[in-house]
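The values are calculated or read from the model by the stated rules, or taken from the named source; none is laboratory data. Just so we're clear, the structure is a prediction, and the values are computed from it rather than from any experiment. Neighbour counts are summed over all protein chains in view; Cβ atoms, including those assigned to glycine, are modelled from backbone coordinates with ideal geometry. Accessible surface is based on the protein model in full, side chains and every heavy atom, while ligands, DNA and RNA are left aside. Shrake-Rupley method; radii C 1.70, N 1.55, O 1.52, S 1.80 Å.
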Amino acid sequence: MMLRRGFILFLPRLVGLLVVACCLVSIVYMLACTPKGDNQQLVLPRGHSPTVKEGYEAILQEREEQHRNYIISLKKQIAQLKAELQGRSVLLKNVQDQYPDSLDIRLDHSKPEKVQANLLAFLRSQIDKAEVHSGVKLSTEYAAVPFESFTLQKVYQLETGLTRHPEEKPVRKDKRDELIEVIELAVGSLNNPEGNSNAKHHVYTASDFIEGIYRTEKDKGTLYELTFKGDTKHQFKKIVLFRPFGPVMKVKNEDVNVADTLINVIVPLAKRASKFRQFMQNFRETGIQQDGRIHLTVVYFGKEQMNEVRAILENTSKSANFKNFTFIQLDEEFSRGKGLDVGARFWKGNNVVLFFCDVDIYFTAEFLNSCRLNTQPGKKVFYPVLFSQYNPSIIYGHHDSIPSLEQQLIIKKETGFWRDFGFGMTCQYRSDFINIGGFDLDIKGWGGEDVHLYRKYLHSNLIVIRTPVRGLFHLWHEKQCLDELTPEQYKMCMQSKAMNEGSHGQLGMLVFKQEIETHLRRQKLSDKKT
């Protein structure tokens, strides 16, 4: 009852508020919709004036003109807004064409037509984003993506890789098949010109191909420009092709737990006790103290310096409380392949990751995890490309002193190089090593055994992970190439020796050292005279 009485008392107030609100809205509407007149107020004619009618007509005509102008102004603004909206719509469509919804491409299998359309739009947009039709502004000369050129027989390349040849016949099957496909596609395009198909034209073959250039932008695709012979000596046909890269697609998402993955580091050794002491210092700090999931197998050849090596191993065991090691002694001539093979087969525990290592190798805890993450029994083996240190005496010859070993391990072109011709340091599960057949034990001495094992893996169905790693270093040491090596082994040894000493520029400074010193003496004499 009280609620009803309160509502009756409140109703007149509510009606009053609504009336006031409507009045305010009407006033605002009139102010907003009234066209702006001139600054001068219009003077209404007096009622007794003989020209009253003409005056009112003039006022109405003026007001009508003002409204007409205001309407024209509004129409112009509406037209401008429509044009701007249309421009924004086109821009939005272009962006959508360039970046289609990758989730539609990957996941929406219920709409295959949409997936196909989005994928096609994405591939076409790659051409627009790549440097095909026009150049792009680059910050420095290092940002430019260079072309490589090719003919029917040869490829002329800047990034030489393992072969070290600036020109070569394409050895890698993927590169060879890529260029053959491009040439065939270009020939087909020339023989099926757009337009009048009945017109007679020259029939092109691969022999008409003169040369081509190509380059790859990693996130967009590969551009090819091919030149063919024309109808006359000074006429040519040019075909531009583009292989767009598709959108990134998720293949797998998995958790990898390496907490219980043990690594057995196998080191073949003969003499070299001082190098082994340095190796054990790194092994203790990295393998034992930082990692802790590691076993060491030393396969020692002969008896010279054996007691010293065994003492170093036992001292490390006592001081670091480390028991996970095996010492195997062989009374025969040193053979790296034999030592690694014996060490791998000696292991009697569960399947384990084998790390074939040399005594002049320095590794980090991060590398040991890379070793675990890039191996999988029956699936993957790991062949890291290590960074090989130049001769510190050459690198730091102009310094007052040679820095400590840790300070020397910097990856720069002045301090070393990627040892992409070496395959000795490798990680694989013991089961894969046994199944592949192990090393060729007929190979004696230095070199060859690692390449032979590497080729076995390449010929198998296992995935070979080959990549530079930042945590694996080959420490410089003077290399001795023995006379008893075979001619091929001796050649490989000498090539490795030459690569180890210094960079091209550093070795050049040594070759021209006398000329440089003569120049400096002349400069000093010239300065004294002046």
Check your understanding: On average, how much accessible surface per residue is there in segment 263-508, in Å², for a 1.4 Å probe, leaving out ligands, DNA and RNA?
Key -> 47
Review point. What nm distance separates the two modelled labels at LYS412 and ARG63, each placed 7 Å from Cα along Cα→Cβ?
Key: 8.6
Review point. At a Förster radius of 60 Å, what calculated FRET efficiency corresponds to the Cβ-Cβ distance of ARG124 and PHE421, to the nearest 0.05?
Key: 0.90
Point to revise | Between segment 206-229 and segment 330-397, the alpha-carbon center distance in angstrom | key: 41
Check your understanding: What relative contact order, as a whole-number percentage, does segment 263-508 give when Cα pairs under 8 Å and 6 or more residues apart are counted?
Key -> 24
Study note, to complete from the structure: For LYS75, counting only aspartates and glutamates whose alpha-carbon sits under 18 Å away and dropping same-chain residues fewer than eight positions off, the answer is GLU64, GLU65, GLU84
Study note, to complete from the structure: Toy charge model, Lys and Arg Cβ at +1, Asp and Glu Cβ at -1: segment 263-508 dipole around Cα centroid in debye, rounded to 20, equals 760
Exercise for review: Would you grab the residues whose amide H sits under 5 Å from the one on GLY302? Only those 5+ places off in sequence or on another chain, please, with H modelled 1.01 Å from N.
Suggested key: LEU330, ASP331, GLU332
Review point. So which chymotrypsin sites (Phe, Trp or Tyr not before Pro) in segment 268-317 are both in a DSSP loop and have at most 11 other Cβ atoms within 10 Å of their Cβ?
Key: none
Revision key, fill the gap. Partner lysines whose C-alpha sits under 16 Å from that of LYS137, ignoring same-chain residues fewer than 8 away, are LYS129
Review point. How many percent of the accessible area of segment 203-337 is carbon or sulfur, using a 1.4 Å probe?
Key: 47
**Study point:** HIS459-GLN77 pseudo-label distance in nm [points 7 Å out on the Cα-to-Cβ vector]
**Key:** 8.3
Point to revise | Pairwise label distance in nanometres, VAL136 with ASP255, each label 7 Å out on the Cα-Cβ vector | key: 3.9
Point to revise | Within straight-line cross-link reach of LYS524, lysines at Cα separation under 19 Å, skipping those fewer than 8 residues along the same chain | key: LYS513
Exercise for review: Please name which of ASN324, GLY422, PRO377 has its Cα lying farthest along the dipole of segment 263-508 towards the positive end, using unit charges on Cβ (Lys, Arg +1; Asp, Glu -1) and the Cα centre as origin.
Suggested key: PRO377
**Study point:** Residue-level accessible surface for TRP418, protein heavy atoms, 1.4 Å, Å²
**Key:** 90
Practice item. Just the number, please: carbon plus sulfur as a percent of the accessible area of segment 349-480, 1.4 Å probe, no ligands or DNA/RNA counted. Key: 49
Revision key, fill the gap. FRET efficiency for GLN495 and ASP231 from the Cβ-Cβ distance with R0 = 41 Å, rounded to 0.05, comes out at 0.25
Review point. Can you give the charge dipole size of segment 119-191 about its Cα centre, rounded to the nearest 20 debye, using +1 on the beta carbon of Lys and Arg and -1 on the beta carbon of Asp and Glu?
Key: 80
